[in-house]
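First the structure, in the form of structure tokens, and then the observations on it.
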């Protein structure tokens with residue numbers, strides 16, 4: 001039997017990006033559960049934030065780009 005590992009990423013949105021969150025997701029942290037290797041763009045969109053609205057992405061404190 002093949003077991004698929006579910007991973008989790010935490011996203012924190014600042015300023016006006018928080019306005020895209022549904023009320024049940026406040027304050028500003030979003031949890032994205034996934035398998036495989038989805039693009040950051042896809043994760044952001046899945047959390048309800050349009051990726052073109054994102055001005056900067058920090059991964060463990062370092063600036064990265066959408067891939």
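Which members of the range 48-66 meet the condition of being part of a loop (DSSP other than H, G, I, E, B), out of contact with any helix residue (DSSP H, G or I) (no Cβ under 8 Å at 6 or more places or on another chain) and on the phi < 0 side of the Ramachandran plot? Step through it out loud before you land on a result.
If we filter the range 48-66 for residues that are part of a loop (DSSP other than H, G, I, E, B), which is where we start, we get 48-50, 54-56, 60-61, 65-66.
Add one more test, that the residue is out of contact with any helix residue (DSSP H, G or I) (no Cβ under 8 Å at 6 or more places or on another chain), and what stays is 55-56, 60-61, 65.
Within the range 48-66, 55, 56, 65 qualify.
Considering only the range 35-47, state which residues are surrounded by 10 or more Cβ atoms within 10 Å (Cβ to Cβ), at pLDDT 90 or above and part of a loop (DSSP other than H, G, I, E, B).
Once the filter is applied, which keeps residues that are surrounded by 10 or more Cβ atoms within 10 Å (Cβ to Cβ), at pLDDT 90 or above and part of a loop (DSSP other than H, G, I, E, B), the range 35-47 yields 38, 39.
Counting just the residues of the range 35-57 that are free of Cβ contacts under 8 Å to residues at least 12 places away in the same chain and over 11 Å from the mean Cα position of the chain (by Cα), which one comes out farthest from residue 14 (Cα to Cα)?
To start, the set of residues in the range 35-57 that are free of Cβ contacts under 8 Å to residues at least 12 places away in the same chain comprises 36-38, 42, 45, 52, 55-56.
Imposing the further condition that a residue be over 11 Å from the mean Cα position of the chain (by Cα) reduces the set to 36-37, 52, 55-56.
On the way: 36: 27, 37: 25, 52: 15, 55: 10, 56: 10 Å.
Per the stated criteria, the residue is 36.
Kindly indicate the residue of the range 1-34 that is in contact with a strand residue (DSSP E or B) (Cβ under 7 Å, 6 or more places away or on another chain) and loosely packed, with under 10 Cβ neighbours inside 10 Å and also modelled with the lowest pLDDT among those meeting that condition.
Filtering the range 1-34 for residues that are in contact with a strand residue (DSSP E or B) (Cβ under 7 Å, 6 or more places away or on another chain) and loosely packed, with under 10 Cβ neighbours inside 10 Å, the one modelled with the lowest pLDDT comes out as 10.
Which of the residues spanning the range 50-67 are at pLDDT below 90, more than 24 Å from residue 5 (Cα to Cα) and out of contact with any strand residue (DSSP E or B) (no Cβ under 6 Å at 6 or more places or on another chain)?
Hits for the range 50-67 are 58, 61, 65.
The values are calculated or read from the model by the stated rules, or taken from the named source; none is laboratory data. Computed from a prediction, not measured in an experiment: that's the story for all the values here. Note that each Cβ is placed from the backbone with ideal geometry, even for glycine, and that neighbours are counted across all protein chains shown.
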